1. Quick test for you: out of GLN271, GLN218, GLN211, pick the one residue that is outside any helix (DSSP H, G or I), among the polar types (S, T, N, Q) and either under 24 Å from GLY179 (Cα atoms) or within 16 Å of ligand 1 (Cβ to nearest atom) (or both).
2. Quick check on my filter: what residues within the stretch 117-153 are in a loop (DSSP other than H, G, I, E, B) and touching a strand residue (DSSP E or B) at 6+ places or on another chain (Cβ under 8 Å)?
3. How about the stretch 216-261: which of its residues are within 16 Å of ligand 2 (Cβ to nearest atom), farther than 21 Å from GLU94 by Cβ and without any contact (Cβ under 8 Å) to a residue 60 or more places away in the chain?
4. Here is a list of conditions, (1) under 19 Å from the mean Cα position of the chain (by Cα); (2) basic (Lys, Arg); (3) modelled with pLDDT under 90, and ARG164 meets all of them except one; can you say which number that is?
5. Could you tell me whether LEU126 is more than 16 Å from ligand 1 (Cβ to nearest atom) and touching a residue at least 12 places away in the same chain (Cβ under 8 Å)?
6. Filter the stretch 1-31 down to the residues that are hydrophobic (A, V, I, L, M, F, W, C), within 14 Å of ligand 1 (Cβ to nearest atom) and part of a loop (DSSP other than H, G, I, E, B) and list them by number.
7. Identify the residue in the stretch 230-261 that is assigned to a helix (DSSP H, G or I) and within 19 Å of ILE167 (Cβ to Cβ) and, among all such residues, is farthest from ligand 1 (Cβ to nearest atom).
Amino acid sequence: MGTYAIAGNSGSAGKTTTVVTEAVLLAERGFTVRVIDVDPQANASTWLGHVDAPAPTVADVLRGHRSIADVERPARVILDIDAETGQPVYDDEETIPGVTVVPALRSTLDSLVVELASQPGAVLNLQDALRDASPVDVTLIDCPGSLNVLVTAGLLATAADDERGLITCVKPSGKEVEGIPALQQELANMRRIYKESIELVSVIPCAVPPQGAVYEEQLAALRDWLGDRVAPSIRRRAIVDEAYTNYVPLPLYGHRAKDVVADYNAVIDHQLAAGLLAKRSQVA
Ligand SMILES: Nc1ncnc2c1ncn2[C@@H]1O[C@H](COP(=O)(O)OP(=O)(O)OP(=O)(O)O)[C@@H](O)[C@H]1O
Ligand SMILES: [Mg+2]
């Protein structure tokens, strides 16, 4: 079992793409995967078949009003886009086996930032809910792209599990990489304030252009600094945007996505080799 927050303090680094793609690929390998969306943009929910999710949603879990079981639902595959409304069409029978989602409703989490920050202890509600939730192999918590109380709640929630950690995504262009010390500071705060030990366990270079000395230098510097925690790179491909626009996770998007999907499989192999993402039966 393992519970991981995917967070970073720069937006558009590839976090949601990584969460959704890894979730589907892990399920294809026989894992059960729970995706928890704590990002007000609700992109992971959209990608996993729950656009405009009706209540209850993750907001109710973050408030401490609902359990995971109340909110969790199977991830679904899009069937069609309604020609009149432009909205995706789903059928509850058409699920992604092995993947469930605790969805967010777009924009409803913004007000929660203020609410959670003003209630001492509320930041631990998601952790409490996960302690009571039915076990799955891997839980991935998709966090917003700036450090706020939702990220704190997501990071603290990983401590519901013995196998836990922070996974971050970087576009290796300097700015994002420079954000890693701020993340490490956030983890230090978790230790100091909440007495929870959460480590940065994996750094995934995302949307890496095919060639370019600058990127190669930056990747080499990242590996010198963080060693084996740096996963193999995910290449930059326009198909990623296309798949999202069509509401389809990359592994289900057909052969044109196969090279970027292969990159994500290499990341999973790397993470498994590092002892992350263990299946329940494999945990001693
Ligand atoms: N490998 C890739 N190649 C090309 N584009 C990519 C790749 N990965 C992600 N993108 C694009 O980059 C943008 C941001 O990706 P994504 O939403 O996964 O990032 P994020 O870190 O979750 O962002 P946010 O901080 O806003 O939540 C999206 O438009 C996505 O399609
Ligand atoms: Mg995102």
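The values are calculated or read from the model by the stated rules, or taken from the named source; none is laboratory data. Everything quoted here is computed from the prediction, not taken from an experiment. Please note: Cβ atoms are built from the backbone with ideal geometry, for glycine as well, and neighbour counts cover all protein chains shown.
1. Being outside any helix (DSSP H, G or I), among the polar types (S, T, N, Q) and either under 24 Å from GLY179 (Cα atoms) or within 16 Å of ligand 1 (Cβ to nearest atom) (or both) holds for just one of GLN271, GLN218, GLN211, which is GLN211.
2. Listed by number, the residues that qualify are ALA133, VAL136, ASP137, CYS143.
3. ASP241
4. For ARG164, the exception is condition (3).
5. Spelling it out, LEU126 is indeed more than 16 Å from ligand 1 (Cβ to nearest atom) and touching a residue at least 12 places away in the same chain (Cβ under 8 Å).
6. Correct list: ALA7, ALA13.
7. Checking each candidate, the answer is PRO251.
Results for (1) under 22 Å from VAL203 (Cα atoms); (2) more than 15 Å from the chain's Cα centre (by Cα); (3) at pLDDT 95 or above; (4) aromatic (Phe, Trp, Tyr), shown as yes or no for each residue.
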| position | (1), (2), (3), (4) |
| --- | --- |
| ALA5 | yes, no, yes, no |
| SER10 | yes, no, no, no |
| ALA13 | yes, no, no, no |
| PRO40 | no, no, no, no |
| HIS50 | no, yes, yes, no |
| ASP82 | no, yes, no, no |
